[in-house]
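Working notes, beginning with the structure itself.
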Amino acid sequence: MADTTASANASSAAHSYAAEQLRSEIVRHLMLTVGAGTDTATLTDWRIALSHAVRDRVTPTWLESQRHIKSQGNKQVYYLSMEFLIGRLLEDTCINVGIRDAAVAALATLGVDFDDVVRDEPDAALGNGGLGRLAACYLESMSTLGCPATGYGIRYEHGLFKQSFEDGRQTELPEDWLGHGSVWDVERSAHRHLIGFGGGVEDVDGAPVWNPGTTIIAEAHDIAIVGWQGNWANTLRLWAATSPTVLDLERFNRGDYLGASEPEISARALSRVLYPDDSSDAGKELRLKQEYFFTAAALADILGGFLTTHDDLRRLPESVAIQMNDTHPAIAGPELLRIFVDEHGFEFDEAVEIVTNTLSYTNHTLLPEALEQWPTELMARVLPRHLQLIEQLDQWHHSQFPERAESVGLLAYGNVSMGNLAFVLSHHTNGVSALHSELVRKELFSELDSLHPGRIVNETNGIAPRRWIKLANPSLAELITDAIGTGWEADLDRLAELEPLADDPEFRGAFGRTKNANKIRMAARLSQDGCPKLNTAALFDVQAKRIHEYKRQLMNILHTIAHWSRIKAEPNADWVPRVKIFAGKSAPGYAMAKDIIRLINDVAAVINDDPQTRDLLTVIYPPNYNVSMAETLIPAADLSEQISTAGMEASGTGNMKFTLNGALTIGTLDGANVEIRERVGAEHFFLFGMNTAEVSARRAEHAHAQAAIDASPALQSVIELIGEGRFSPGEPGRYCGLLDSLKQHDYFLVASDFDSYDETQSRVDERFVHPDHWQRDAILNVSRSGFFSSDRAIRGYMSDIWSTSSALGGA
Ligand SMILES: *Cc1c(COP(=O)(O)O)cnc(C)c1O
């Protein structure tokens, strides 16, 4: 039924001018760009042809946006980020330029399915998780708002690894998003910069001169990021590394073919792979080099552009705002000092002032092991002049504040503290949720805050509604538009107009059907990848995010086991059917996270094979979580798991995606959960567990883990089941290490929060059996979450931090 309507709509739209026009552009690109005929084209051929046709619609806007900035001299934002987790671009771009329907219709007349074409595009996984996805949402919002901006990052040849499971264990395979080349990126051969490394510092007439030992070329590749309704397009500029020596011809002629390519191979290593997000690996030389490589290239680009239209570098902060996404680009400070002092002859003090007025820094973590520290010995080897400048800056800062505490120094215990460095050279440092910013001010940077009052501000994260509602959840988007009209896509506070409809039985019914359709869509997509058949009437309970101890997937799987045991003990009770869905990757070297992955898969195998509980509980863990999978899972979720140990999740953005897609949250008072709960109302949010103060107090208690286990019969029996090998037949010791850590240290307080979580999960079940109540809550979650749009977040950065305005007027 639905299919006939869809194709009827498609064929009527096909006669529209837009679809006709697009159709001929697709066919033209298929022939002239791809070199294929409509009779021989593969799915990938169609995808490339469509992408070119769509790109053609963006390019004029893109050029016009650049021209506008040049002629009007708008202040520009430069967003430096080691990660941009952009995912697929084709459908998002179609939606933003308003030709999605035309594309569906045009392809339909050619006998090609739009969804198949869209899903042929590889994800650009140039990031690990939330931090990289935030950068991607922010770029799109800056374009939507007409905020002149450029994103700078690295064009990794291989993005985040592909995850698969072997006997339940995570294995990593290289990812290959550039396999067929990228349709979206344009090489800018005019924008190449030489980036130096190593060597030494010479004294020439009393002035230090850095003579790098090696030089690498940074080559610009640009991707247009178009905003909603195609009014403005900013640039994502990604740097690829190459060698100035393409081939050592002398070695080649001697027959040393491998050796002849050595310079090229070692240069390319810098943009070869996304560095694993792995604290134990931090401190590796390649990562420091990658950070300097893209930061120095970005700064050369920015200053080069500035100096073509200005002659006074003192005025840089009036035209340029540089945002450092985390400390990865924090070497920007010393690099700018080097350029000002060594290349332009500025006095050190004045250089510090200009640089500080140009830079700002976003802090993303309080975890001490995730705050970057570079050994001075390594820094001396890779960036000798920068280390000198950091030492000079440290002395300068000390002279400004003779009373300053030891801990705010830039150098300590043989390391450079990149967090302190970023703070000292920024006019603003921001946290990413109200709670996180408070902890940044009170704990992480408390001493620096008292020396530089007012420097710390909060900008709560956000997500782009175009991708996370309009693209990911077209049926909900349509329902919203039917109810309140269009325009909410770029004015998400308008979702508040849905609020009265929470009490309208008809709207609730339609809302529920939308969720159901999304669950069916998800189940169908997962079953294509070999997932067990799912009962779509069951409660879909989803935890999708990186696997990390602080995110506590362990607590979720322990609860799953407890729930399973209870069903088995009382098989005829009125159980609410549940599907537990896990998704996420672990850092390759993170042993404990990998144990948790294996445990989830082991438990899934046993539970899914149990005929006694078959219709009541299913556990699935589809491999290779990425942006595209998030777009399928999140709209299908009834329940969103945001269960981190309080004080450890800086903000989260997954939590916002779920809320805006009508899932209810079970969560702790952590990160942006706090603000989500305040907005949606405490009675529409399943809160459990300790708050940050209670977490600190609890951690200080002697043997808190064992005490919590002793007090929880449910947890005891779960631990027993795992310990006796119920989920690892033939190898009862498989989870010894994991259980020991839970019983002895339990730094993340899984045991202490377990009972509260378990009880709250029962309350979830009690509510789910009342669909009216549940849907009312879900609608209120959607209607009260407009605040979590990344447009609101970017407006905050523009006014509080960057002092920029929209080039489109308004906003
Ligand atoms: C949103 C998103 C994240 C961040 O999720 P959190 O729950 O905030 O950690 C990570 N990965 C992908 C693919 C995402 O889309």
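The values are calculated or read from the model by the stated rules, or taken from the named source; none is laboratory data. As the structure is a computational prediction, the values presented were derived from the model and not from experiment. Positions of Cβ are generated from backbone atoms using ideal geometry, with glycine treated the same way; all protein chains shown enter the neighbour counts.
Descriptive notes on the structure:
- The set of residues in region 721-745 that are touching a residue at least 40 places away in the same chain (Cβ under 8 Å) and not in a helix (DSSP H, G or I) comprises R726, F727, S728, H745.
- Annotation note: Cβ proximity below 6 Å between a residue of region 531-545 that is within 17 Å of A517 (Cα to Cα) and a residue that is within 16 Å of the ligand (Cβ to nearest atom) (sequence gap 6+ or interchain) occurs for F540/A636; F540/A637; D541/L639; V542/I581; V542/L633; V542/A637.
- Yes/no for T560 being in a helix (DSSP H, G or I), under 23 Å from L633 (Cα atoms) and either at pLDDT 95 or above or of a type in the set (K, R) (or both): yes
- Pairs linking a residue in region 469-485 that is closer than 13 Å to N518 by Cα to a residue that is basic (K, R), with Cβ atoms under 6 Å and 6 or more positions apart or on different chains, are A477/K470.
- Candidate set: region 493-533, residues that are basic (K, R), assigned to a helix (DSSP H, G or I) and over 26 Å from the mean Cα position of the chain (by Cα); chosen: the one farthest from F788 (Cα to Cα): R513
- Screening region 653-672 for residues that are more than 11 Å from the ligand (Cβ to nearest atom) and assigned to a helix (DSSP H, G or I) and picking the one that is nearest to R767 (Cα to Cα) gives T659.
- Test result for I99, of a type in the set (V, I, T) and more than 17 Å from L22 (Cα to Cα): no
- Qualifying residue in region 746-761 (condition: in contact (Cβ under 8 Å) with a residue 24 or more places away in the chain, surrounded by fewer than 22 Cβ atoms within 10 Å (Cβ to Cβ) and of a type in the set (F, W, Y)): yes
- The residues on offer are E675, E641, E683, and the sole one that is within 15 Å of the ligand (Cβ to nearest atom) and over 17 Å from M555 (Cα atoms) is E675.
- Scope region 356-373; condition at pLDDT 90 or above and either buried (at least 21 other Cβ atoms within 10 Å of the Cβ) or assigned to a loop (DSSP other than H, G, I, E, B) (or both); matching residues: T358, L359, S360, Y361, T362, N363, H364, T365, E372
- Hey, S565 under 30 Å from A705 (Cβ atoms) and away from the ligand (no atom under 16 Å from the Cβ) or not: yes
- Scanning region 621-638 for residues that are closer than 21 Å to I596 by Cα and of a type outside the set (S, T, Y) yields P622, P623, N624, N626, M629, A630, L633.
- Where L247 falls short, out of the listed (1) part of a strand (DSSP E or B); (2) farther than 30 Å from H52 by Cα: (1)
- Pairs with Cβ under 7 Å, 6+ apart, first in region 36-53 and touching a residue at least 60 places away in the same chain (Cβ under 8 Å), second crowded, with 21+ Cβ neighbours inside 10 Å and not hydrophobic (A, V, I, L, M, F, W, C): R47/E121; H52/H29
- Some residue of region 234-242 being basic (K, R), part of a strand (DSSP E or B) and surrounded by 18 or more Cβ atoms within 10 Å (Cβ to Cβ): yes
- Strands (runs of 3 or more DSSP E) within region 99-214 that include 1 or more residues under 27 Å from the mean Cα position of the chain (by Cα) and either within 16 Å of the ligand (Cβ to nearest atom) or surrounded by fewer than 21 Cβ atoms within 10 Å (Cβ to Cβ) (or both): 124-126, 162-166, 169-173, 186-197
Residue by residue, here is whether (1) farther than 24 Å from E175 by Cα; (2) out of contact with any helix residue (DSSP H, G or I) (no Cβ under 8 Å at 6 or more places or on another chain); (3) of a type in the set (S, T, N, Q) holds:
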| position | (1), (2), (3) |
| --- | --- |
| F252 | yes, no, no |
| E264 | no, yes, no |
| A296 | yes, no, no |
| L303 | yes, no, no |
| M324 | yes, no, no |
| T327 | yes, no, yes |
| I331 | yes, no, no |
| E335 | yes, no, no |
| F340 | yes, no, no |
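- The number of residues in region 756-810 being closer than 23 Å to L359 by Cα and not aromatic (F, W, Y) comes to 16.
- Candidate set from region 619-637 (those that are away from the ligand (no atom under 11 Å from the Cβ) and surrounded by 23 or more Cβ atoms within 10 Å (Cβ to Cβ)); member that is nearest to the chain's Cα centre (by Cα): P635
- Residue match in region 578-586 (condition: surrounded by 17 or more Cβ atoms within 10 Å (Cβ to Cβ), closer than 22 Å to D670 by Cα, more than 15 Å from the ligand (Cβ to nearest atom) and in contact (Cβ under 8 Å) with a residue 60 or more places away in the chain): no
- Considering R155, R133, R169, the condition of being over 21 Å from H328 (Cα atoms), at pLDDT 95 or above and basic (K, R) is satisfied by R169 alone.
- Residue ranges of helices (runs of 4 or more DSSP H) in region 273-344 with at least 3 members closer than 21 Å to Y156 by Cβ and in contact (Cβ under 8 Å) with a residue 12 or more places away in the chain: 285-309
- When residues of region 398-445 are limited to those that are among the polar types (S, T, N, Q) and in contact with a strand residue (DSSP E or B) (Cβ under 8 Å, 6 or more places away or on another chain), the one nearest to W374 (Cα to Cα): N415
- Residue list for region 69-94, restricted to those being assigned to a helix (DSSP H, G or I) and surrounded by fewer than 21 Cβ atoms within 10 Å (Cβ to Cβ): I69, K70, S71, Q72
- Any hit, region 426-433, residues being assigned to a strand (DSSP E or B) and either surrounded by fewer than 17 Cβ atoms within 10 Å (Cβ to Cβ) or at positive phi (or both): no
- Test set (1) hydrophobic (A, V, I, L, M, F, W, C); (2) more than 30 Å from A380 (Cα to Cα); (3) in contact (Cβ under 8 Å) with a residue 40 or more places away in the chain - V440 fails condition number: (2)
- Entry remark, region 674-691: residues being within 23 Å of S789 (Cα to Cα) and touching a Phe, Trp or Tyr at 6+ places or on another chain (Cβ under 8 Å) number 4 in total.
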